[in-house]
Amino acid sequence: MKGSAFITGATSGFGLAIAKRLRSEGYKIIALGRRKDRLEKLANELGQTQIAVCDIRDKQAVFDVVKNLPKDFKDIEILINNAGLALGIEGIIDASLDDFETMIDTNVKGVVYATKAILPIMKERKSGYIINIGSVAGVWPYPGGNVYGATKAFVHQFGLNLRNDLKGLDIRVTNIAPGIAKTEFSEVRFKGDTAKADAVYEGTKYVSAQDIATIVSNCVNLPKSVNINTIEVMATTQSWAGFYFERD
Ligand code: NDP
Ligand code: 8X3
């Protein structure tokens, strides 16, 4: 029988699609997020799903969720560190320091808290798979990407460094770095301004949450002896705009 998959940010977008996909493949699901109504709906739909209404920025709450898991869900095989967000796209001078702190607390500290809370279980089981959702923004700079991109660069390097520290434990670690994908991401980034959010996706093709769930599934279903370190994935329509030169 398959164990549990602990998925942060399971109320929407990638996390929701990954939860559905892994459940369909026989994993029990631990679904974490702040929106209780969505988590309850998901649990009713999927069955064998434990919900964790939790703000990933709250260190104690994250550790309590893991500590208080029902016995049947304690056999965590997979951790998907997915909860995250971008806020704003202003340059560093004009951007909000509060937004920066929210991104750092969620995208950086949240990933560290969930990983630290769950690793003792994986260590005990001498088995596990941690998949971190980074971003192309952590690899490639773009105007206004400042702190968001830096948090995702952290996610990437954190994952690589984990692999060194977890030698001998049969724990796999993968960083998936997606580019443009249509979820609630832009609505959150633009703080509910749906016109701005819709403009991001207008007239182009993008990666779907289901595509990311397929990539996760492909990784999980590789032989345990195979570790994919990094996957960077863009829509075929997305590429680079080239270097910018200041001119007199
Ligand atoms: P969504 O906004 O659709 O989903 C974000 C998820 O994160 C929600 O389930 C939300 O749950 C959860 N979340 C956010 N803040 C917190 C918090 N403080 N505590 C707990 N959960 C939280 O966006 P995506 O699915 O697109 O984003 C998922 C991940 O993918 C993010 O890390 C994002 O940075 C990354 N990404 C997205 C890309 C895109 O273009 N869509 C591309 C590259 C990476 P709730 O609000 O209920 O708490
Ligand atoms: C989301 C992709 O390019 O909007 O991480 O930053 S991007």
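The values are calculated or read from the model by the stated rules, or taken from the named source; none is laboratory data. For clarity, every value in this text was computed on a predicted model and none was experimentally measured. Quick reminder, even Gly has a Cβ in these numbers, built from the backbone with ideal geometry, and neighbours come from all protein chains shown. Side chains included, ligands, DNA and RNA excluded: accessible areas come from the protein's heavy atoms. Shrake-Rupley method; radii C 1.70, N 1.55, O 1.52, S 1.80 Å.
Using a 7 Å offset from Cα along Cα-Cβ at GLU45, what residues in the stretch 208-248 end up with backbone N under 20 Å from the label point? Flagged as within label range: 208-218.
Axis of helix 36-46 versus longest Cα principal axis of the chain: the two differ by about 60°, to the nearest ten degrees.
Entry note, the stretch 5-96: relative contact order of 31 percent, from Cα contacts under 8 Å with a spacing of 6+ residues. Under 17 Å of direct C-alpha separation, and excluding same-chain neighbours fewer than eight residues apart, LYS191 reaches these lysines: LYS182. Dipole magnitude for the stretch 82-163: about 760 debye, using +1 per Lys or Arg Cβ and -1 per Asp or Glu Cβ, origin at the Cα centre. For the stretch 4-233, the Cβ-based charge dipole about the Cα centre amounts to some 860 debye (Lys, Arg positive; Asp, Glu negative; other atoms uncharged).
Within a straight-line Cα-Cα reach of under 18 Å, LYS41 can be paired with the following lysines, leaving aside sequence neighbours fewer than 8 residues apart in one chain: LYS20, LYS28.
Give me the percent of Cα-Cα pairs in the stretch 3-152 that sit more than 28 Å apart, rounded to a whole number.
On the way: 2307 of 11175 pairs.
Beyond 28 Å sits 21 percent of the P(r) for the stretch 3-152.
When the solvent-accessible area of the chain is split by element, carbon and sulfur atoms take up 52 percent of it, the probe being 1.4 Å. Accessible surface area normalised per residue over the chain is 52 Å², counting heavy atoms of protein chains with a 1.4 Å rolling probe. For ASP37, the solvent-accessible surface with a 1.4 Å probe is about 110 Å², rounded to the nearest 10. Pairs with C-alpha atoms separated by more than 26 Å, drawn from the list LYS116/LYS224; LYS126/LYS152; LYS36/LYS67; LYS74/LYS152, are LYS126/LYS152; LYS74/LYS152.
Taking Lys and Arg as +1 and Asp and Glu as -1, the other residues whose beta-carbon sits under 12 Å from that of TYR27 total +2. A 1.4 Å probe over all protein chains sorts SER225, SER127 by accessible area into SER225, SER127, starting with the largest. Let me know the shape class of the stretch 175-248, please: from the alpha-carbon gyration tensor, a ≥ b ≥ c as square roots of the eigenvalues, rounded when a/c is under 1.5, otherwise prolate if a/b is greater than b/c, or oblate. In terms of gyration-tensor shape, oblate.
Sort 202-209, 161-168, 78-85 by the packing proxy (mean of other Cβ within 10 Å over each peptide's residues), most packed first.
78-85, 202-209, 161-168
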